[in-house]
1. Once you charge only the Cβ atoms, +1 for Lys and Arg and -1 for Asp and Glu, what is the size of the charge dipole of segment 22-70 about its Cα centre, to the nearest 20 debye?
2. Please determine, in degrees from 0 to 90 and to the nearest 10, the orientation of helix 106-125 with respect to the longest principal axis defined by the Cα atoms of the chain, where the helix direction is its Cα long axis.
3. To one decimal place, what Kirkwood hydrodynamic radius in Å is obtained for the chain from all pairs of distinct Cα atoms?
4. Could you pull out the longest piece of the chain with no exposed loop trypsin sites (Lys or Arg not before Pro) in it, calling a site exposed if DSSP puts it outside H, G, I, E, B and it has at most 13 other Cβ atoms within 10 Å?
5. How large is ³J(HN,Hα), in whole Hz, for each residue of segment 39-45 in order, when computed from phi with the Karplus curve 6.51 cos²θ - 1.76 cosθ + 1.60 and θ = phi - 60°, using x for Gly and Pro?
6. ARG126 versus ASP146, label points 7 Å from Cα toward the beta carbon: distance in nm?
7. Any chance you could run the full-extension gain for ARG43 through ARG160? It's 0.36 nm times the residue separation minus the Cα-Cα distance, nm to one decimal.
8. Magnitude of the Cβ-charge dipole of segment 18-158, K/R +1 and D/E -1, about the Cα centre, nearest 20 debye?
Amino acid sequence: MTVIALSEDLVDFGDLPANVNALLQQGVAVHSSDPARARAFFRTAIEVAPDVLPSYRCLFKLQNKLRDFDSAYETAVTGLARAAAQAELGTDWSGWTGADLVAAQHTSGRFLLQFLKALAFIQLRRGNEDAAAAALAKLQELDPEDGIGGSVIAALLAHREPA
């Protein structure tokens, strides 16, 4: 994989291994001009360090942008499972509570919410409105202050045309 010269406008992914951060920065640098290469960088980051959660977020956001909703869904589910494992929670998010998130590490708790939001959005984009509404309801329960931005998904869901 060819290395890309990066600008000073790097994304702050937090405290990551340098090699994973470099892969993510490379992917971000080319995501608009060369989505296939960006996808390769993000997938490589996941292969190198499968417990580094920002890699999943980068990949599912790209897949969603490319309208590859099935792949985006699978990536979000996998990332959510990794975050849940790090937070010592089960993968069935329907039973999660606010206390579970408080007990979770700060980083994995934030990703639990981000990935749940992603599931709601991707399910909506896939036409699975009931699944989107269920994920959104849980997100709103866990994030009543709307810090993750579930209200955006709620607005989109409210404006869907009936089938």
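1. Values: 7 positive and 5 negative charges, 35 e Å.
Taking the Cα centre of segment 22-70 as origin, the dipole is about 160 debye.
2. That helix lies at roughly 80 degrees to the long axis.
3. On the way: mean 1/r = 0.0613 Å⁻¹.
For the chain, inverting the mean 1/r across all distinct Cα pairs yields 16.3 Å.
4. Working: sites that count: ARG67, ARG160.
For trypsin sites (Lys or Arg not before Pro) (loop position, at most 13 other Cβ atoms within 10 Å), the longest site-free span of the chain is 68-159.
5. 4, 5, 4, 5, 5, 4, 4
6. 2.6
7. Details: separation 117, 0.36 × 117 = 42.12 nm, distance 3.24 nm.
Between ARG43 and ARG160, full extension yields an extra 38.9 nm.
8. Details: 13 positive and 15 negative charges, 117 e Å.
Once rounded to the nearest 20, the dipole reads 560 debye.
The numbers here are math on the coordinates, done by the rules we state, and not lab data. Bear in mind that the values here come from a model prediction, so they are computed numbers and not experimental data. With ideal geometry, Cβ positions are generated from the backbone for all residues, glycine too; neighbour counts draw on all protein chains shown.
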